[in-house]
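A short worksheet on the structure shown next.
The values are calculated or read from the model by the stated rules, or taken from the named source; none is laboratory data. None of these values were measured; they are calculated from a predicted model. No Cβ is skipped: glycine too gets one built from the backbone with ideal geometry, and neighbour counts run over all protein chains shown.
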Amino acid sequence: MDGELKDRIALVTGGASGIGRETALIFAREGAKVAVVDMQAEAGNETVKLIHKAGGEATFIKCDVSKSSDVETLIQKCINIYHRLDCAVNAAGILGEMGKLQECTEKNYDHVMNINTKGIWLCMKYEIIQMLKQKSGAIVNIASVAGAGGTPDLPIYGASKAAVSMLTRAAAVDLIAKNIRVNAINPGFVQTPMVDKQEADYPGKVKEYRAALRIGRMGRPEEIAEAAVWLCSDKASFVAGLVMNVDGGALA
């Protein structure tokens with residue numbers, strides 16, 4: 001396949017569904033060989049099948065991003081298969097329970113932070129170690145508009161994503177002179193299976209979110225994926241430390 005990422009090796013966490021799946025599909029469309037990463041093996045392998053059906057190349061690797069040993073093994077498996085890692089999109093994440101800050105449980109806090117913040121930190125850590133060996137690479141972290149503005153009903157989720165933005169900026173400042181670019185995307189309210197579940201569990205709250213959308217509709221996962229492709233491509237060679245809002249004007 002010819003495209004923006006021809007013959008590059010890409011890793012996408014959260015690749016079993018939603019933004020992660022669409023990112024894996026679009027990276028493959030643009031010529032990348034994709035390591036699809038998730039805890040959900042059946043759905044992750046379905047993403048790989050979709051890529052193969054479209055004529056692309058991909059492999060599924062099961063990984064719990066909140067466990068250091070899993071992530072270290074993930075990167076080694078990727079190198080064993082493809083021999084390098086050119087770009088990574090860290091999209092694995094969860095919403096957790098909805099509720100005001102004083103209503104949140106410690107269990108929910110730990111679970112959300114373990115996946116959304118610790119998980120992205122661990123992925124970045126081992127991706128960067130490999131990219132430093134190669135002296136090149138591009139990383140895109142999926143943050144959220146909830147991490148850029150107060151979200152009263154998802155305070156822990158928002159805090160976890162705000163931390164992702166700061167991890168992104170810190171790494172970008174350190175690594176840009178080493179030919180490794182690190183950026184992030186703040187998706188707005190995007191129609192994904194995760195949001196579908198949120199709507200089923202909290203229909204009233206999601207109805208409020210929908211009514212507040214300035215653009216008049218929810219985002220599509222592929223709209224976030226297209227931004228990630230650009231950030232990983234040579235067209236964004238002068239871009240580092242950016243937290244890009246792809247949010248239908250929500251933060252404008």
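Details
- Restricted to segment 3-17, and to residues there that are touching a residue at least 60 places away in the same chain (Cβ under 8 Å) and surrounded by fewer than 24 Cβ atoms within 10 Å (Cβ to Cβ), the residue that is nearest to the chain's Cα centre (by Cα) is Ser17.
- For segment 162-175, the criterion of a residue being touching a residue at least 40 places away in the same chain (Cβ under 8 Å), farther than 23 Å from Phe238 by Cα and surrounded by fewer than 21 Cβ atoms within 10 Å (Cβ to Cβ) is satisfied by at least one position.
- Output for segment 116-149, where each listed residue is among the hydroxyl-bearing types (Ser, Thr, Tyr) and surrounded by fewer than 24 Cβ atoms within 10 Å (Cβ to Cβ): Thr117, Tyr126, Ser136
- The set of residues from segment 10-47 being of a type in the set (A, V, I, L, M) and over 24 Å from Ser66 (Cβ atoms) comprises Leu25, Ile26, Ala28, Ala32.
- Residues in segment 1-27 that are assigned to a loop (DSSP other than H, G, I, E, B) and in contact with a strand residue (DSSP E or B) (Cβ under 9 Å, 6 or more places away or on another chain): Met1, Leu5, Asp7, Arg8, Gly14, Gly15, Ala16, Ser17.
- Top-ranked residue in segment 176-204 [being part of a helix (DSSP H, G or I) and in contact with a helix residue (DSSP H, G or I) (Cβ under 7 Å, 6 or more places away or on another chain); ranked as surrounded by the most Cβ atoms within 10 Å (Cβ to Cβ)]: Gln198
- Filter result for Met124 (assigned to a helix (DSSP H, G or I), touching a Leu at 6+ places or on another chain (Cβ under 9 Å) and at pLDDT below 95): no
- Residues satisfying the stated conditions in segment 147-169, i.e. in a loop (DSSP other than H, G, I, E, B) and small (Gly, Ala, Ser): Ala148, Gly149, Gly150
- Candidates Cys78, Cys104: the one that is buried (at least 20 other Cβ atoms within 10 Å of the Cβ) and of a type in the set (A, V, I, L, M, F, W, C) is Cys78.
- Matching residues, segment 127-146, being assigned to a helix (DSSP H, G or I) and under 14 Å from the mean Cα position of the chain (by Cα): Glu127, Val145
- Test: residue in segment 32-42 that is in a helix (DSSP H, G or I) and farther than 23 Å from Ala143 by Cα: yes
- Filtered residues of segment 205-247 (kept if in contact with a Cys (Cβ under 9 Å, 6 or more places away or on another chain) and outside any helix (DSSP H, G or I)): Ser233
- Looking only at residues of segment 184-211 that are small (Gly, Ala, Ser) and more than 23 Å from Val164 (Cβ to Cβ), we find that the one that is modelled with the highest pLDDT is Ala200.
- The set of residues in segment 221-242 being surrounded by 11 or more Cβ atoms within 10 Å (Cβ to Cβ) and without any contact (Cβ under 8 Å) to a residue 40 or more places away in the chain consists of Glu223 alone.
- The condition of being in a loop (DSSP other than H, G, I, E, B) and in contact with a Gly (Cβ under 6 Å, 6 or more places away or on another chain) holds for only one of Ala250, Ala172, that being Ala250.
- Taking the listed residues Val243, Val164, Val145, the one that is over 17 Å from Val112 (Cβ atoms) and not charged (D, E, K, R) is Val243, with no other qualifying.
- Some residue of segment 230-245 being within 25 Å of Ser17 (Cβ to Cβ) and among the hydroxyl-bearing types (Ser, Thr, Tyr): yes
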